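Comments concern the structure below.
The values are calculated or read from the model by the stated rules, or taken from the named source; none is laboratory data. These numbers were taken from a predicted model, which means no experiment stands behind them. With ideal geometry, Cβ positions are generated from the backbone for all residues, glycine too; neighbour counts draw on all protein chains shown. Accessible surface is based on the protein model in full, side chains and every heavy atom, while ligands, DNA and RNA are left aside. Shrake-Rupley method; radii C 1.70, N 1.55, O 1.52, S 1.80 Å.
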Amino acid sequence: MPDLLLELRSEEIPASMQRRAAGELKKRVTDALVDAGLTYEGARDYFTPRRLTLDIHGLTARSADVREERKGPRVGAPEKALEGFLRGAGLSDISEAKIQSDPKKGDFYVAVIEKPGRDAEEIIRDVMPGIIRTFPWPKSMRWGAASAEPGSLRWVRPLQSIVCTFGTEIEETKIIDFEIDGIVASNITYGHRFHAPEPVTVKRFSDYAAGLEKACVVLDAERRKDIIRDDAANLAFANGLDVVEDEGLLDEVAGLVEYPQVLLGEFEEAFLEIPDEIIRLTIKTNQKCFVVRKHGEDSLTNKFILVANIAATDGGKEIRHGNGKVVRARLSDALHFWHIDQRDLPDLATLKASAEKFGLDLNKPLDQRMAKLDALNVTFHAKLGSQGDRVARIRALAAKLAPIVGADLAEVDRAVVLAKADLRTEAVGEFPELQGAMGRKYAVLQGESEDVAAAIEEHYKPLGPSDVVPRGKVSLTVALADKLDTLTGFWSIDEKPTGSGDPYALRRAALGVIRIILERGVRLPLLSVFDDRDLLSFFHDRFKVYLRDMGARHDLIDAVLGPDADDLEVVARRVEALTKFLDSEDGQNLLAGEKRAGQLLAAEEKKKTRVADKVDPALFELDAEKALYAAIEDAARKAKAASEKEDYFAAMEALSVLRAPVDRFFEDVLVNAEDEAVRANRLALLAMIREATGTVADFSKISG
């Protein structure tokens, strides 16, 4: 079966767009071919900074003939119905339709629609121009003389050539020669811009990939990443160094080069005075280079790994020099920021009121920055006030949370008032992603305790499902206060997530609270912090997602999580105990017994049958009633005692003994007795079972 090779070669595609674009091209092309009646065995996409490539193998050479019978109106139907039938079937006259008979419905028209198959080349030639013209780049451009014409081609960068060949392994391939804005598809591509600018003639994917390799183009992005990773590691090792891994940067750099060449650059050791985080971000952000450490050590060295796109004749000397020059200039700026942030602000006299409000020491640089943040009245949100207002709210909330978490109140208060101070530092102004981390460094420099310094950095955590949760009690307290203030604040102004929109990251904040509570065992009833039922419901939704991701069954979560449940740590433990218990024979016995009693009781309640308010033992007529009543009272007492000790597994075990007396009750007792009082009493007995088991879970919500 034939294969299809497609390459769209252009000027440099931004690295962040390449992978998604290649996948989108594969989807659009394969969908169009399948919609046209073709099938294929497999497809793979490739991308480099200058090309998107698609290899589709095992494509059918021709679409199948199609014969369809379309049933129409009955013979003698109104003219309008006949006209609609003819239009839909593509017939010009009713005489072109057949008449079929139905013994029950009479005669009706049938249109026989026959569509002959088409050659794959014809289909490809038809679909490709539309796919390319409507390709959904996040940003695109027009270029050249054609850009003045209406409807001219838009592409991410100027499109330079198109390769489109089709054929089998043993036959000569054909060129599918469609045209877009003067660019005609051919079998000619080009390799590396500098090392191999000559045209490369290709037939099919195998010789295309090999031809590009000879022309200094590594087509496979994963292979480019492997080359960069391995060569960087080997070069670093040869110099007694280790590369600081950065998968995101590796992805980006692999999207910047077609022919990766790894080199070692350096800068002056004096710049190592700057914190490692700033050095790493400066070099990464401005030069897309990797930083290195001495082998077995944590701190950075004055070397860095750069990746060029050409094999320089001088061994990379000029490239290293040029990159080092830019890195030195950027680090010089960073060093200036680092020094400025440790100096006194020039307007300290204007900051006294803010310093008094938050108990700040204006002899300390970080305290000055917090006072400045408040004095400038920097807006947090138009409806929620300034950053200073927000810190004041977090401070009050953290004071309530500190004894719950078991944190030192003075340490918590100090951490809160300094937590946002680094927002006014030069380093964070240049690199916003360093907020918190820089605050910690400046806090250590001015003599704050390790717990306070750690809380300044960690109060933002966890930033996502894979991020770590703070460990220290001061950090936990400030992190909880920060996230809960965000949630209660935005809920108070009715700024809630809608659909996929969550501009203030409220889902992330709620998940952060949930993870802190569960992973660090914090007993925090949420309704002691806020009294908004809608916000509690939002927490429940995120909590369910979290537990399901941890492997919990949705029906068991629903069985335990009542609408007023606000102690999530307890709920999680009950779900865990219920999951374990239902895997046992006792668990299945309890479930079966409760289900049997609960279903009958629910059916009678639905029919408005009277159920006594409480069980009256004087109305018992049979031993099975007495035995069940005694068993429920004993089991409920033991379950309650176990629940009070938060031993939920033991509570369920205590209730599991009800299976036998429940079965005997249904065997010996007619619940719907003729005597209305006896019937109501027996139903009340079943209600006792539901009430007893309800202390651990709502068994009616458990499947099975």
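Taking region 402-432 and a reference point 7 angstrom along Cα→Cβ of S449, the backbone N atoms nearer than 19 Å belong to 402-420. Among the listed options [x] 3, 10, 13, 13, 15, 16, 14, 10, 5, 1, 0; [y] 3, 14, 25, 28, 20, 8, 2, 0, 0; [z] 3, 14, 22, 23, 16, 10, 7, 3, 1, 0, the one matching P(r) over Cα pairs in 10 Å bins from 0, in percent as calculated from these coordinates is [x].
Ordering T53, S101, V112 by Cα displacement along the dipole of region 24-119 toward the positive end leaves T53 in first place; charges were set at the Cβ atoms of Lys, Arg (+1) and Asp, Glu (-1).
Working note: Debye formula, equal point scatterers on the alpha-carbon atoms of region 201-303, no solvent; log10 I(q)/I(0) at q = 0.10, 0.13, 0.18 Å⁻¹ is -0.35, -0.53, -0.87. Computed over neighbours whose Cβ is under 11 Å from that of L264, the net charge equals 0, Lys and Arg +1, Asp and Glu -1.
Over 20 Å, how big is the tail of the calculated P(r) for region 75-230, in percent of all Cα pairs? The proportion of pairs with Cα distances above 20 Å equals 70 percent. Entry note: region 259-334 has Rg to Rh equal to 0.97, where both radii use alpha-carbon atoms and Rh is the Kirkwood radius. Segment V112..E633, full-extension length gain: 180.0 nm, with 0.36 nm per residue of separation and the alpha-carbon distance subtracted. Would you please classify the overall shape of region 148-197 from the alpha carbon gyration tensor, given that a ≥ b ≥ c denote the square roots of the eigenvalues, rounded means a/c under 1.5, and beyond that prolate means a/b larger than b/c while oblate covers the rest? Oblate, since a/c reaches 1.5 and b/c is not below a/b. Put simply, the amide H of I180, placed in the peptide plane, has neighbours under 5 Å in A185, leaving out anything fewer than 5 places away on its chain.
Could you give the accessible area per residue of region 185-226, probe 1.4 Å, as a whole number in Å²? Mind dumping the intermediate values first?
Numbers: 1910 Å² over 42 residues.
Heavy-atom accessible area per residue stands at 46 Å².
A protection proxy built from the mean count of other Cβ atoms within 10 Å ranks the segments 253-262, 75-84, most packed first, as 253-262, 75-84. Normalising the average separation of contacting C-alpha pairs (under 8 angstrom, six or more residues apart) by the number of residues puts the relative contact order of the chain at 7 percent.
Using a probe of 1.4 Å on the protein chains alone, the accessible area found for K105 is around 150 Å².
Where does region 580-704 land on Rg(C-alpha)/(2.2 N^0.38 Å)? In units of the 2.2 N^0.38 Å rule of thumb, it is 1.02. The apolar share of the surface of region 558-656, taken as the fraction of accessible area on carbon and sulfur atoms (1.4 Å probe, ligands and nucleic acids excluded), comes to 48 percent. Straight-distance candidates among the lysines for linking to K701, with alpha-carbon spacing under 22 Å and chain neighbours fewer than 8 residues away dropped: K544, K580, K595, K606, K607, K608, K640.
If I take all pairs of Cα atoms in region 390-543, what percentage of them are more than 21 Å from each other?
Percentage above 21 Å: 42.
Accessible surface area normalised per residue over region 41-184 is 56 Å², counting heavy atoms of protein chains with a 1.4 Å rolling probe. Ligands, DNA and RNA left out, the 1.4 Å accessible surface of region 167-290 is 51% carbon and sulfur atoms.
What is the local net charge at S528, summed over the other residues whose Cβ is closer than 12 Å to its Cβ (Lys, Arg +1; Asp, Glu -1)? My count for the surroundings of S528 gives -1.
Converting phi to 3J(HN,Hα) with the Karplus coefficients 6.51, -1.76 and 1.60 and the offset θ = phi - 60°, region 129-140 yields x, x, 4, 6, 5, 9, 5, x, 5, x, 9, 9 Hz in sequence order, with x at every glycine or proline.
Which whole number in µm²/s is D for region 241-284 by Stokes-Einstein, with the Kirkwood Rh taken over Cα pairs at 20 °C and 1.002 mPa s? Intermediate results must be reported in sequence, preceding the final value.
On the way: Rh = 12.4 Å.
Roughly 173 µm²/s, to the nearest whole number.
Accessible surface for region 433-572, divided over its residues, is 41 Å² per residue with a 1.4 Å probe. By the rule of a C-alpha distance below 24 Å, with chain neighbours fewer than 8 residues away ignored, the lysines paired with K174 are K26, K27, K203, K214. Peptide packing for 499-509, 361-371, 211-221 was compared via the average number of neighbouring C-beta atoms within 10 Å per residue; ordered from the highest value, the list is 361-371, 211-221, 499-509. Counting only residues at least eight positions apart within a chain, or on another chain, the lysines with an alpha carbon under 25 Å from that of K105 are K71, K80. Note on region 339-430: with neighbouring protein chains present and a 1.4 Å probe, carbon and sulfur make up 51 percent of its accessible heavy-atom surface. Considering only G90, A684, A697, the residue lying farthest towards the positive end of the dipole of the chain is G90, judged by Cα position with unit charges set on Cβ. Net charge of the neighbourhood of S299, taken over other residues with C-beta under 13 Å away and scored Lys/Arg +1, Asp/Glu -1, is -3. Each Cα pair under 8 Å and six or more residues apart adds its separation to the average, and for region 511-620 the resulting relative contact order is 25 percent. Compute the distance from the alpha-carbon center of region 468-516 to that of region 573-646, in whole Å. Here the answer is 39 Å between Cα centres.
Once the piece of chain linking Q160 and D502 is laid out straight, how much longer is it, given 0.36 nm per residue of separation minus the C-alpha distance between them? Walk me through the intermediate numbers first.
On the way: separation 342, 0.36 × 342 = 123.12 nm, distance 4.01 nm.
So the extension gain works out to 119.1 nm.
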